[in-house]
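Report on the following structure.
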């Protein structure tokens with residue numbers, strides 16, 4: 001069978017994969033982008049509460065095992081644009097100090113500084129047309145109660161990847177957080193990057209292909225072979241390490257290549273809690289997700305409103321409650337997303353399933369290995385309950401378990417050598433020429449904010465380093 005030749009092959013079309021493909025195609029390189037899933041439908045089903053929330057119609061159903069061998073199903077998505085089709089579109093930069101080591105909090109240093117990513121942050125914000133929306137009245141009243149009288153709390157306007165006119169489409173404005181836009185009102189990897197790159201004949205896109213296997217090229221499920229001088233893994237922090245682990249095992253390198261011992265380690269998910277706050281008055285804010293809350297006493301944590309309206313919140317209330325009660329509660333509720341940076345621990349890791357024996361891939365993650373982060377997150381939840389009570393809200397919270405993998409990162413961490421990392425500062429895998437990683441698995445620290453903007457920026461930077469080597 002003939003082998004098709006490309007300058008670069010990108011595996012995965014999420015934030016990092018699409019950013020790298022965009023840059024390489026614009027530089028005149030012939031690029032093959034392989035995506036396991038297909039394009040999402042545009043029939044409105046990606047905004048349907050029942051299909052998205054209760055049926056989980058668009059989520060992966062791949063079973064995994066946790067560290068104790070219990071069966072779990074991580075909340076992963078395989079579709080063109082990856083998780084960026086479903087994310088909440090909050091696009092924040094990591095802070096300058098979050099690139100430095102913090103040993104007391106179990107955080108290693110990045111092999112690069114904020115200044116190395118700053119120009120790419122600038123570029124991605126322009127490509128995604130990131131903007132800040134005015135804080136709406138009811139959220140503004142809550143924020144005022146948090147930040148008054150010398151409080152350690154302060155607000156941070158949220159940069160959002162949303163079209164300015166989304167407020168004129170309430171069916172989307174009320175359901176963008178965790179839903180895929182039908183009218184292309186949310187900036188995502190497919191619309192903002194691949195939409196531009198696909199106008200160039202140098203980009204060849206293959207969707208619906210399972211598990212490309214070979215480094216230096218790939219073999220798809222139907223036996224087709226593709227070869228390139230560079231392969232860029234962008235399949236995500238749960239799947240890129242599995243592809244590399246499988247390759248190392250097949251090539252009998254797992255015991256001899258120094259970097260092999262680090263592949264899959266240092267999984268980070270953020271410590272996450274969803275909180276619903278209920279008052280006596282009805283809420284009428286539309287976007288809601290316009291301002292974050294930070295606390296000086298909790299420096300590794302942030303609080304963001306959920307972009308959920310009353311109908312959405314009502315659908316989250318357990319079905320045991322009568323629907324009229326759920327609707328009344330939802331109409332008077334505000335949702336919040338509490339997140340705390342988790343440190344790195346080598347035993348928090350991803351293992352590929354052993355071939356041929358029926359075992360499941362394993363995600364071994366235990367927050368108790370990260371005690372400083374766990375203490376801060378518990379303090380964050382307590383502080384939120386107390387502050388909301390003082391503001392006239394009764395609140396209820398629920399920790400998000402390890403199935404919540406929206407912010408998964410760290411399993412192919414960037415560093416200075418194979419003794420403590422998988423890739424170098426340019427995204428190249430230690431000891432494997434021609435293999436690069438462009439997704440969130442490289443993030444050495446997870447920060448206190450959403451990682452998407454940083455993954456986009458990293459993808460652009462890796463592509464630029466590759467172009468310097470192969471102009």
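The values are calculated or read from the model by the stated rules, or taken from the named source; none is laboratory data. Model, not experiment: these values are computed from the prediction. With ideal geometry, Cβ positions are generated from the backbone for all residues, glycine too; neighbour counts draw on all protein chains shown.
Here's a check for you: in segment 308-358, which residue that is at pLDDT below 90 and under 27 Å from residue 409 (Cβ atoms) is surrounded by the most Cβ atoms within 10 Å (Cβ to Cβ)?
Among residues in segment 308-358 that are at pLDDT below 90 and under 27 Å from residue 409 (Cβ atoms), the one surrounded by the most Cβ atoms within 10 Å (Cβ to Cβ) is 308.
Look at residue 181 and say whether it is under 30 Å from residue 242 (Cβ atoms), assigned to a helix (DSSP H, G or I) and either within 22 Å of the chain's Cα centre (by Cα) or modelled with pLDDT under 95 (or both).
On the way: under 30 Å from residue 242 (Cβ atoms): yes; assigned to a helix (DSSP H, G or I): no; either within 22 Å of the chain's Cα centre (by Cα) or modelled with pLDDT under 95 (or both): yes.
For residue 181, the condition - under 30 Å from residue 242 (Cβ atoms), assigned to a helix (DSSP H, G or I) and either within 22 Å of the chain's Cα centre (by Cα) or modelled with pLDDT under 95 (or both) - is not met.
What number of residues in segment 368-383 are in contact with a helix residue (DSSP H, G or I) (Cβ under 9 Å, 6 or more places away or on another chain) and in contact (Cβ under 8 Å) with a residue 12 or more places away in the chain? Show your work before the answer.
Kept after step one, since they are in contact with a helix residue (DSSP H, G or I) (Cβ under 9 Å, 6 or more places away or on another chain), are these residues of segment 368-383: 368, 370, 372-374, 376-377.
Okay, now just the ones that are also in contact (Cβ under 8 Å) with a residue 12 or more places away in the chain, so 370, 372-374, 376-377.
Final tally of qualifying residues: 6.
What do you reckon, is residue 427 over 28 Å from residue 89 (Cα atoms) and touching a helix residue (DSSP H, G or I) at 6+ places or on another chain (Cβ under 9 Å)? Even if it seems obvious, please write down each step before you answer.
Values: over 28 Å from residue 89 (Cα atoms): no; touching a helix residue (DSSP H, G or I) at 6+ places or on another chain (Cβ under 9 Å): yes.
The answer is no for residue 427.
Tell me which residues, restricted to segment 294-307, are surrounded by fewer than 23 Cβ atoms within 10 Å (Cβ to Cβ) and within 24 Å of the chain's Cα centre (by Cα). Spell out how you get there, then give the answer.
Quick first cut of segment 294-307, residues surrounded by fewer than 23 Cβ atoms within 10 Å (Cβ to Cβ) only: 294-299, 306.
Correct list: 294, 295, 298, 299, 306.
I need a count of the residues in segment 345-392 that are under 30 Å from residue 314 (Cα atoms) and either in a loop (DSSP other than H, G, I, E, B) or touching a strand residue (DSSP E or B) at 6+ places or on another chain (Cβ under 8 Å) (or both).
Residues that pass the stated criteria total 14.
Looking for something buried (at least 21 other Cβ atoms within 10 Å of the Cβ), within 17 Å of the chain's Cα centre (by Cα) and assigned to a strand (DSSP E or B) - is there at least one such residue anywhere in segment 100-121?
no
Is segment 132-146 home to any residue that is in contact (Cβ under 8 Å) with a residue 40 or more places away in the chain and under 28 Å from residue 33 (Cα atoms)?
Checked segment 132-146: no residue is in contact (Cβ under 8 Å) with a residue 40 or more places away in the chain and under 28 Å from residue 33 (Cα atoms).
Okay, residues lined up against (1) under 21 Å from the mean Cα position of the chain (by Cα); (2) under 25 Å from residue 188 (Cα atoms); (3) surrounded by fewer than 16 Cβ atoms within 10 Å (Cβ to Cβ):
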| position | (1), (2), (3) |
| --- | --- |
| 378 | no, no, yes |
| 383 | no, no, no |
| 393 | no, no, no |
| 396 | no, no, yes |
| 399 | yes, no, yes |
| 408 | yes, yes, no |
| 434 | no, no, no |
| 448 | yes, yes, no |
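When you scan segment 235-344 for strands (runs of 3 or more DSSP E) that lie fully inside it, which ones turn up with 1 or more residues that are free of Cβ contacts under 8 Å to residues at least 60 places away in the same chain and touching a strand residue (DSSP E or B) at 6+ places or on another chain (Cβ under 9 Å)? Walk me through how you get there before you give the answer.
Details: elements: 271-278, 291-295, 301-305, 333-340.
By residue number, 333-340.
Sort through 52, 25 and tell me the only one that's closer than 16 Å to residue 192 by Cβ and either crowded, with 18+ Cβ neighbours inside 10 Å or modelled with pLDDT under 95 (or both). Steps first, answer last, please.
On the way: 52 fails: closer than 16 Å to residue 192 by Cβ.
Every option except 25 fails the conditions.
Let me spell it out: the conditions are (1) buried (at least 24 other Cβ atoms within 10 Å of the Cβ); (2) in contact with a helix residue (DSSP H, G or I) (Cβ under 8 Å, 6 or more places away or on another chain); (3) within 23 Å of residue 426 (Cβ to Cβ), and residue 32 meets all of them except one. Which number is the exception?
Residue 32 satisfies every listed condition except (2).
When both residues are 6+ apart or on different chains and their Cβ atoms are under 7 Å apart, which pairs have a first residue that lies in segment 94-122 and is on the phi > 0 side of the Ramachandran plot, and a second that is surrounded by fewer than 19 Cβ atoms within 10 Å (Cβ to Cβ)?
Matching pairs, first to second residue: 106/372.
Which ones in segment 136-165 are assigned to a loop (DSSP other than H, G, I, E, B), touching a strand residue (DSSP E or B) at 6+ places or on another chain (Cβ under 8 Å) and more than 26 Å from residue 379 (Cα to Cα)? Walk me through how you get there before you give the answer.
Residues of segment 136-165 that are assigned to a loop (DSSP other than H, G, I, E, B), as a first pass: 136, 148-152, 158, 161, 163.
Subsequent filtering for residues that are touching a strand residue (DSSP E or B) at 6+ places or on another chain (Cβ under 8 Å) retains 152, 158, 161, 163.
Those that are assigned to a loop (DSSP other than H, G, I, E, B), touching a strand residue (DSSP E or B) at 6+ places or on another chain (Cβ under 8 Å) and more than 26 Å from residue 379 (Cα to Cα): 161, 163.
Restricted to segment 199-229, and to residues that are assigned to a loop (DSSP other than H, G, I, E, B) and modelled with pLDDT of 90 or more, which residue is nearest to residue 248 (Cα to Cα)?
Step one: filter segment 199-229 for residues assigned to a loop (DSSP other than H, G, I, E, B), giving 199-202, 208-216, 220-224.
Remaining after also requiring modelled with pLDDT of 90 or more: 200-202.
Details: 200: 34, 201: 33, 202: 30 Å.
By that ranking, first place goes to 202.
For (1) in a helix (DSSP H, G or I); (2) out of contact with any strand residue (DSSP E or B) (no Cβ under 9 Å at 6 or more places or on another chain); (3) modelled with pLDDT under 95, each residue gets a yes or a no:
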{"site": "397", "(1), (2), (3)": "no, no, yes"}
{"site": "412", "(1), (2), (3)": "no, no, no"}
{"site": "419", "(1), (2), (3)": "no, yes, no"}
{"site": "456", "(1), (2), (3)": "yes, yes, no"}
{"site": "463", "(1), (2), (3)": "yes, no, no"}
{"site": "466", "(1), (2), (3)": "yes, no, no"}
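Go through (1) farther than 20 Å from residue 350 by Cβ; (2) not in a loop (DSSP other than H, G, I, E, B) one by one and return the number of the condition residue 426 breaks.
With respect to (1) farther than 20 Å from residue 350 by Cβ; (2) not in a loop (DSSP other than H, G, I, E, B), residue 426 is out only on (2).
Do we have residue 124 as under 29 Å from residue 205 (Cβ atoms), modelled with pLDDT under 95 and in a helix (DSSP H, G or I) here?
Numbers: under 29 Å from residue 205 (Cβ atoms): yes; modelled with pLDDT under 95: no; in a helix (DSSP H, G or I): yes.
So residue 124 fails the test.
Inspect all residues belonging to segment 86-95 and state whether any of them is at pLDDT 95 or above, surrounded by fewer than 20 Cβ atoms within 10 Å (Cβ to Cβ) and in contact with a helix residue (DSSP H, G or I) (Cβ under 8 Å, 6 or more places away or on another chain).
Within segment 86-95, one or more residues are at pLDDT 95 or above, surrounded by fewer than 20 Cβ atoms within 10 Å (Cβ to Cβ) and in contact with a helix residue (DSSP H, G or I) (Cβ under 8 Å, 6 or more places away or on another chain).
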